[in-house]
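The values are calculated or read from the model by the stated rules, or taken from the named source; none is laboratory data. Predicted model only: the values in this text are computed from it and were never measured. A quick note on method: Cβ atoms are made from the backbone with ideal geometry, for glycine too, and the neighbour counts reach across all protein chains shown. All accessible areas refer to the heavy atoms of the entire protein, side chains included, with ligands and DNA or RNA removed. Shrake-Rupley method; radii C 1.70, N 1.55, O 1.52, S 1.80 Å.
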Amino acid sequence: MTTDNNNSIKCIQKEISGNWLTNGHLEACILKLSPPAETEWQNDNNRTENVSIITQLLKPLEGSDQSLLAQEFPDKPALVLTPELAFGSPDFESLDTIVKQYNQNLILICGFGVTSGGTLNTLAEKPGVEGAWNASPNPHKKYNGGWVWIKDGNSTQCYIFLKNYLEQNTEITGENIVTGDYILRLDGNDVIVFPLVCADLISKEDNNPSSRIVKSLNKNSSTNKRVLVTGSLLNIKSESDHWKTAIGDLLESSKSSKVRLLLSNCINPSPVKDEEIDKWRCLSGVFQHREGCKPPPKPLPYVRYVNGEKFSGFVLRNSEIGAVFGKLQWTNNSSEGKQAFSECQQHIWNGSEFYPCDGICAADELYRFIVRNKGSMLHSKINSNEASRTLADSELDKLLTELSPTSNSLLRSVAGKLFQKCLKGIKQEVQFCPDQLYSRSENLDCAITTLSLIQHAIEAELMPEGKELGYGQLLSDNEEHEILIWDSSEHTANQLYSLVKEGIVKDGGSARPLMIVGRGNGGGSFPDEGRMHSNWLADISNAPPLNADVDKDICEANDRVVFWKNQGKVDDVLASAALREDLLKSLREEIIVPEDL
C-alpha cells in the first residue's frame, strides 16, 4: 500500500491491493443502523446494538461456517457502508477483531464520533491502522469521521478519515467539535473509493470535498477503474433541495468518470402525504448521473426508483433496521446490467438476529400509503364524526400490523390484489403500479378506510387465505357472500353500475352473492340500490333456454347475484352516528344481504 498526498487538492490517496469487482459490478451492502442518542455521540459512548448487528453480519451463523454477508455474496469481495456516528471509539477494538475474523475480502466503512483527537492519535499508532490526515488531530478537540477497513486475504488495514464540513444546525453548536481538512481516496486494482461523511457532500465552500474528488480524478484517473463515492449520513431532511442539488452537482461534475454514489442514512423521516417529499424516503441507496438511465419497466423489490434534475437512482423502500444487499452497477444496458442497484435482498434486524424480508413491494407501498394518509382524505371528504375517526384509526392500525415489512402475515402476499380491487373493482385485467398509489390517493384512502370499518362491523375476513374470492375483498362471517369496496377516479357511479351489469351480472354463474359498495368520480346521478338485473331479454337473441326455471323471474334465474350500494349511504352513517355502537349497527344494516335470494 502506497501513499500520494496531494497538498494542493487536499486529498490523501492510498493504493490498496486486490480486485474488488465481480464481473464489473460491486457486491454492496447498505446497513441501516440505530441512530445514536444525543448523549451517546456527544460522549463518544459505545453503540452496543450496532456492534451486535455488525457481529451478526460478519460472524458465521449458528450451524454454519458462513456469515450472512458471505452467504449473500459467496466467495466474492464486498463493500459494507454504515451511517454517520454509527459507532463510538470504544467500539473500535470489537469491530477490528470482527473484520479480521471475516473469511472473505471486505471493505467496511463505519461512521464514528464524536471522538477526541487524543483517542484518534492513539488508535492511529496501532499496527495496521493509519490516519488519513496531513497533521495529527488536536488532542483537545473532538472529531466526526470514519474508519475504513480493507481486508484482502490475510492482510487487514484500517484508515481513519475525518469529516471536513460540520452540519450547520446541531453539530456546529457542539462543544470543541472541529473538522479535518483532507479527504481520503482508496485506489484498488479495479475501483476507486472516496468515503465522505454527510455534510461533506453538501458543502459549497471553496475547495469543498466534492470538488476535490473531481480534481483528484482529473489529475489521476484510470479509464479501466470504476469510481464510487460513499456517504455516511445522519440526515433528517432527505427531501431537502440542498441534498438534491449536492447529489446532482457531484454526479454532473464527475460525469466523465461515471461515478456512482452510495449512501447510508440512520435517520428515518416520518412518512408524509406529499409524494415529492416522501419519495426520497431515508435517502439510503445508490445514485448515478441521469444520462443513460431509465426507470425499470416494473417496480423492483426492496428499492424504489427516484430521479432529480441531473441524477437518478434507487432508494430503499422501507427503512427498517437491518441490511440490504445488492449489485452496484456502472452500466445501463441489457447485456451488462441496466440499473445502478438491483438484484437486492433485505434482512431485517429483530433485536437479536437477522431474518429475511419478503420484498413484496405492493405490500411495502400500501403499508406506507396508509401510514401517510390514515383515513384523513375520507374524513375530510365526508366530515366524519369522532366515533368514525376513532374506530377507523383503530382498524387501520390493525391493518398496518399485518402489512408491516416486519410482518409474516399472508395479507402481504395479496396486498397488490387488495388495492387493485379498491381502485379497479371488477376490471381485474388492468394492473395498477404500487409506486403510483399516490396518484389515486383520495380514492384509495376512502376505499381502504371504508373497507376496514365494514370488515369490523360485519366481522368479515379480509382476503382470507385458502378461501378463493371472486371480485370482493371481504368474505362474510358465514362465508356465503363477498363485499367489494370500489372507489373509481375514472368512471361515474352509473358507469360503474353499467360495467358491473354488463361485465358480471349478465354472465350469470353460481358464484357467491356479491355486494358492491361503489363510488364514482362525482359526475351524474346515482344508480338505484339493491339487486342488479341485466335486462337481458331486451335482446331476443338472448332468450332463455327451454329448460329455464319459469317459476322465477327470467332475469333473476340467470343473472349472477350482485347487489349495489352507493358509497354515499355509508358516508352518511360515518358522518352521523355519534356512538360507536350506533355506528356499527348502522353499517351492518347498510351492508346486509337478503337471506332470501
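Some points to look at:
- Apart from one condition, TRP147 fits all of (1) under 20 Å from ASN43 (Cα atoms); (2) surrounded by fewer than 20 Cβ atoms within 10 Å (Cβ to Cβ); the exception is (2).
- Hits in the stretch 111-156 - residues which are among the basic types (Lys, Arg) and either touching a Ser or Thr at 6+ places or on another chain (Cβ under 9 Å) or over 22 Å from ALA78 (Cα atoms) (or both): LYS126, LYS141, LYS142
- Residues of the stretch 233-248 that turn out to be in a helix (DSSP H, G or I) and open to solvent by 50 Å² or more (accessible area, probe 1.4 Å), as a count: 4
- Condition check for ALA363: in contact with a Leu (Cβ under 8 Å, 6 or more places away or on another chain), of a type in the set (A, V, I, L, M) and more than 20 Å from TRP486 (Cβ to Cβ): yes
- Residue ID - nearest to THR390 (Cα to Cα), chosen from residues in the stretch 549-597 that are open to solvent by less than 30 Å² (accessible area, probe 1.4 Å) and either charged (D, E, K, R) or modelled with pLDDT under 90 (or both): ALA577
- Listing of helices (runs of 4 or more DSSP H) fully contained in the stretch 1-102 that carry 3 or more residues being open to solvent by 30 Å² or more (accessible area, probe 1.4 Å) and farther than 21 Å from LEU316 by Cα: 38-42, 48-58, 92-101
- Candidate set from the stretch 467-484 (those that are in contact with an Asp or Glu (Cβ under 7 Å, 6 or more places away or on another chain) and hydrophobic (A, V, I, L, M, F, W, C)); member that is most open to solvent (accessible area, probe 1.4 Å): LEU469
- Scan of the stretch 12-54 for residues that are of a type in the set (A, V, I, L, M, F, W, C) and farther than 26 Å from PHE341 by Cβ, ordered by number: ILE12, ALA37, TRP41, VAL51
- Residue within the stretch 511-518 that is in a loop (DSSP other than H, G, I, E, B), touching a Phe, Trp or Tyr at 6+ places or on another chain (Cβ under 9 Å), free of Cβ contacts under 8 Å to residues at least 60 places away in the same chain and open to solvent by 30 Å² or more (accessible area, probe 1.4 Å) present: yes
The rows are residues; the columns are (1) open to solvent by 40 Å² or more (accessible area, probe 1.4 Å); (2) touching a residue at least 40 places away in the same chain (Cβ under 8 Å); (3) over 19 Å from ARG368 (Cα atoms).
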site: GLY285; (1), (2), (3): no, yes, no
site: GLY308; (1), (2), (3): no, yes, yes
site: GLY313; (1), (2), (3): no, yes, yes
site: LEU316; (1), (2), (3): no, yes, no
site: GLN329; (1), (2), (3): no, yes, yes
site: ASN350; (1), (2), (3): yes, yes, yes
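- The single residue among SER155, SER136 that is more than 24 Å from PRO35 (Cβ to Cβ), in contact (Cβ under 8 Å) with a residue 60 or more places away in the chain, open to solvent by 20 Å² or more (accessible area, probe 1.4 Å) and not β-branched (Val, Ile, Thr) turns out to be SER155.
- Selection count, the stretch 428-466, where residues are outside any helix (DSSP H, G or I), open to solvent by less than 40 Å² (accessible area, probe 1.4 Å) and over 15 Å from GLU482 (Cβ atoms): 1
- The residue that is surrounded by the most Cβ atoms within 10 Å (Cβ to Cβ), counting only those in the stretch 103-120 that are more than 20 Å from ILE30 (Cβ to Cβ) and touching a Pro at 6+ places or on another chain (Cβ under 6 Å), is LEU120.
- Output for the stretch 152-170, where each listed residue is assigned to a strand (DSSP E or B) and under 31 Å from the mean Cα position of the chain (by Cα): PHE161, LEU162
- Residue within the stretch 169-181 that is surrounded by 24 or more Cβ atoms within 10 Å (Cβ to Cβ) and touching a Leu at 6+ places or on another chain (Cβ under 7 Å) present: yes
- Per the listing SER211, SER264, SER270, the residue uniquely part of a strand (DSSP E or B) and either of a type in the set (Ser, Thr, Tyr) or touching a residue at least 12 places away in the same chain (Cβ under 8 Å) (or both) is SER264.
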